[in-house]
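Undergrad: If you scroll down you'll find the structure; I have some questions about it.
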Amino acid sequence: MQQALFAHPERLPDQLQAFMDEHIYPNEDTYHAQLNALPNRYTTVPLMTELKALAREAGLWNLFMPADHGGLTNAQYAPLAEMMGRVMWSPEAFNCNAPDTGNMEVFMKYGTPAQQERWLKPLLAGEIRSSFCMTEPDVASSDATNVQTSIRREGDEYVINGHKWFITSAMYERCEIFIVMGKSDPENPNRHLQQSQILVPKNTPGIKILRALTTLGYDDAPIGHADVVFENVRVPAENILLGEGRGFEIAQGRLGPGRIHHCMRLIGCAQRALEYACRRAVSRSTFGRKLAEHQSVREDIAKSFSEIEQARLLTLKTATRMDEVGARAARDLIAASKIVVPLMAQTVIDRCMQIHGAGGLTQDYFMAEAFNYARWCRQADGPDQVHMMALGKDIIARYAGA
């Protein structure tokens, strides 16, 4: 293990809470005002640059860094990710936003020293951003072996052709590197050895960003989600990650931690929504009584509290299990968390929006955007159905010997 990055990890929750209270919550309106004033919504918000400098100075930088690289355990990171998840854009201020955390872990685990020097170092410094290009519009990408993008060797180069979409961060002006998954050996009888992953600088000729995609009307600027075409894109052969045929292996190694990080952040979204709903319930009256005195409101609050606590405990158990045995051996709990937490957050946030009346659907509160995040997380990193299918298979085998 490398030298510890955080001398007193037990102090980090209090330090992060203080930073959120002083610098993040008071600036929510400022952030959105600056974003909306930009001529290009996919450029850096000036406030973000200021916040990053403050976070580094406070020692709240790269909090996601895994323990085997001198950082935190998953269990230590969980409450921090939950705090950051309470404000949708705040993880970037601490260099802890998706997809960069997952991509940085890919470089740590699978990159060559040269690849780490060229791409990992500036990512860790927050100087550039990155994208992970797997999902495609023309196939069911919930089965990663379906991807059709071609990665073909020609001499000392690879040639990439394909169409990707929902490529998070590709629109961002600070994004400089794509990790692209495609098929290098489509005829291999083992369908899990057909894929490779390769590094493609964003400025490589042949890359066309067609459009920004929205989810439920949100463009998630400045990071965004893009529709991208690769037409005869050529990169050096040394840009291959780990070797030909290792793409599915890399994807599995990358997505496990990413899934649980989303769950941690979503618990923060749901918890904050519940707190808002409670304050709303004592500040508004209908039919001669406070909202908080209506039985239906109390039931919604009680159910939401219970569901958040259940999801938080499951996520913490999953994080602890990953620390003990690794992500692969904890895949059952990771799948269970991915099934439970986004749907929980979606349900809780929906109740809390309802308690806020029509206002809950507007930009005056964070909840509509958080609901959008929870809803697309039910697709991101594998849809609910795929996780239920895989988990059900494993559980049947475990208890019935099937």
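Undergrad: If only one of Ser131, Ser150 is at pLDDT 95 or above, closer than 30 Å to Glu187 by Cβ, crowded, with 22+ Cβ neighbours inside 10 Å and not hydrophobic (A, V, I, L, M, F, W, C), which one is it?
TA: On inspection, the qualifying residue turns out to be Ser131.
Undergrad: Here are the criteria: (1) outside the structural domain of Phe64 (by TED's automatic domain parsing); (2) more than 30 Å from Thr30 (Cα to Cα); (3) assigned to a helix (DSSP H, G or I). Tell me which single one Val139 does not satisfy.
TA: (3)
Undergrad: Out of the residues in the stretch 180-197 meeting the condition of being in contact with a helix residue (DSSP H, G or I) (Cβ under 6 Å, 6 or more places away or on another chain) and crowded, with 24+ Cβ neighbours inside 10 Å, tell me which one is farthest from Glu244 (Cα to Cα).
TA: Met181
Undergrad: For the stretch 142-182, what are the residues that are assigned to a strand (DSSP E or B) and in contact with a His (Cβ under 7 Å, 6 or more places away or on another chain)?
TA: Correct list: Phe166, Ile167, Thr168.
Undergrad: For the stretch 383-402, how many residues are among the aliphatic types (A, V, I, L, M) and outside any helix (DSSP H, G or I)?
TA: Looking only at that region, the number is 1.
Undergrad: Criterion first (at pLDDT below 95, of a type in the set (Lys, Arg), under 28 Å from the mean Cα position of the chain (by Cα) and outside any loop (DSSP other than H, G, I, E, B)) does Arg259 satisfy it?
TA: Taking the combined requirement at face value, the residue satisfies it.
Undergrad: Among the residues of the stretch 66-83 satisfying the criterion of being part of a loop (DSSP other than H, G, I, E, B) and out of contact with any Ser or Thr (no Cβ under 9 Å at 6 or more places or on another chain), which is nearest to Ala98 (Cα to Cα)?
TA: Gly71
The values are calculated or read from the model by the stated rules, or taken from the named source; none is laboratory data. Just so you know, these numbers come straight off a predicted model, no measurement behind them. With ideal geometry, Cβ positions are generated from the backbone for all residues, glycine too; neighbour counts draw on all protein chains shown.
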